[in-house]
1. With 18 Å as the limit, write out which pairs from LYS99/LYS383; LYS115/LYS383; LYS2/LYS115; LYS99/LYS262; LYS99/LYS370 have Cα-Cα distances beyond it, or answer none.
2. Quick one: among ILE148, ILE362, ILE241, which has the greatest mean-square fluctuation in a GNM of the chain with alpha-carbon springs under 10 angstrom?
3. Can you tell me the relative contact order of the chain? Whole percent, Cα pairs under 8 Å, sequence separation 6 or more.
4. Would you work out which of SER261, ALA335, ILE309 lies farthest towards the positive end of the dipole of the stretch 229-344? Charges go on Cβ: Lys and Arg +1, Asp and Glu -1.
5. Taking the Cα centre of the stretch 69-216 as origin, sum charge times position over the Cβ atoms of Lys and Arg (+1) and Asp and Glu (-1), and report the length of that vector in debye to the nearest 20.
6. Could you please state how large a percent of the accessible area of the chain is carbon and sulfur, counting protein chains only and using a 1.4 Å probe?
7. For the chain, modelled as a Gaussian network with Cα springs under 10 Å, which listed residue fluctuates most, GLY147, GLY348, GLY298?
8. So what is the relative contact order of the stretch 18-161, in percent, for Cα pairs below 8 Å that sit 6 or more residues apart?
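The values are calculated or read from the model by the stated rules, or taken from the named source; none is laboratory data. The structure presented is a predicted model; accordingly, all values stated were derived computationally and were not measured. Counting neighbours? That spans all protein chains shown, and the Cβs are built from the backbone with ideal geometry, glycine included. Side chains are part of the model used for accessible areas, which takes the heavy atoms of the whole protein and leaves out ligands, DNA and RNA. Shrake-Rupley method; radii C 1.70, N 1.55, O 1.52, S 1.80 Å.
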Amino acid sequence: MKISVIGAGSTYTPELVEGLLAERDSIPLTRLSLMDVDGERLGVLAGLVERMVAAAGWRFQVDCHTELGAAVDGADFVITQIRVGGQQARHDDTALALKHGVIGQETTGVAGFAKALRTIPVLLGVCQEMRRSAPGATLVNFTNPAGIVTEALLKHGGVPSLGLCNIPVGIQMATARRYGVPPSQVALDYLGLNHFSWLRRVVVAGRDVTEESLAEVLAKAPANVPALEYDREFVEALGMIPSGYLRYFYLQHESLEHLRSKDRTRAQEVMEIDATLLEKYRDPGLSEKPVELEKRGGAFYSTAAVSLIRSIVTGDGARHVVNVENGSSLPDLPADSAVEVPAVVDAGGAQPLAMGRLETPIRGWLQLLKSYEILTVEAAVEKSYRKALLALSCNPLVPSVNKARALLDALDERHGLGLRR
Ligand code: G6P
């Protein structure tokens, strides 16, 4: 079996490899192809990966590529984890948004919008290559904004695609640890869009523990989200646990104040963490994932990827929260759109569970954000300035169409997005 990792120069790659090594009994990997456009970074990462594989006493071939074709050729799974423009573009977009008094945020905010416009054409290029040289392979995407990217892959990729996020699996693992059960005994009644989701129920070994989980799950904001407290009475009235990322929407004003009060953007923090990590990775004596990687927000992402691949390979029918084509899972959202819900995964792919009608307090939010995502994909694919403007008009983090236009013009100038009037 061949797995290709596109964007393997990411400092997250050792996390993924650690997961693959842990699954040696169920994933019969013979070849791991690492691809990155940055050959220097790729060399550093590949060195560490080879040492990790050797230390684990497992032999599979590791090869490196700076071109897509050879990397994807004959693959069974292609994992995409790219960052077009690097952390510098993330910083520029976030800082630009803040200058206009708007939350940037690299997934649900304007920085995510800009990232989507830069990223979608590149990922559709990966799909084109897969159709040519790896027919039948499954694409597993981590690239942010993962929800919008999955929407684009489903509608325009022409290859089987699933989008993943580390947040649901993180909640599942933490809950399993708290109750001393295997993660497979934890079922999350989880619904929405990527980074725009709610947890209706948490069930451990058949027992509903939602009430008890509330405080714990609420208190834990992801590493890169302002740790602002949700209003307890509001959450009780809602009767569901909002995603950590919903702070940007439910606490928009406070989040903006918080981001303004910081002297560095998250991208600048990550640049520093990354520099330290790369230095460590260069050490020929290092043959395991260093603990400093936990400072990044993507903990457990390998668990999500590797357990998903295991389910497809073994056909075990396990339940995973994935970004997948909606079908009839959430009847209040378009059937052909991407949603983030639990799905049963086997050799045939992911079948989303029926999650039913959306509750009144979240229905409008989800429909609006879904319109934003659909229009963002259309803007990226059609290179349409007007669609881009309409997309931003549907994002509640952009409070004025005039600001949307100013931001759009500045982003177009910065990245040469090539939007047509
Ligand atoms: C969380 C999110 C990911 C995101 C990551 C950012 O894990 O689920 O989508 O990529 O945080 O982490 P970073 O360390 O880059 O801020």
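1. LYS99/LYS383; LYS2/LYS115; LYS99/LYS370
2. Result for the chain, Cα springs under 10 Å: ILE362 fluctuates most.
3. Numbers: 801 pairs, mean separation 74.4, N = 421.
Dividing the mean separation by the residue count of the chain yields 18 percent.
4. ILE309
5. Numbers: 13 positive and 12 negative charges, 35 e Å.
I would put it at about 160 debye.
6. On the way: 8420 of 16670 Å².
Carbon and sulfur: 51 percent of the exposed surface of the chain.
7. GLY348
8. Working: 187 pairs, mean separation 31.4, N = 144.
Reported relative contact order: 22 percent.
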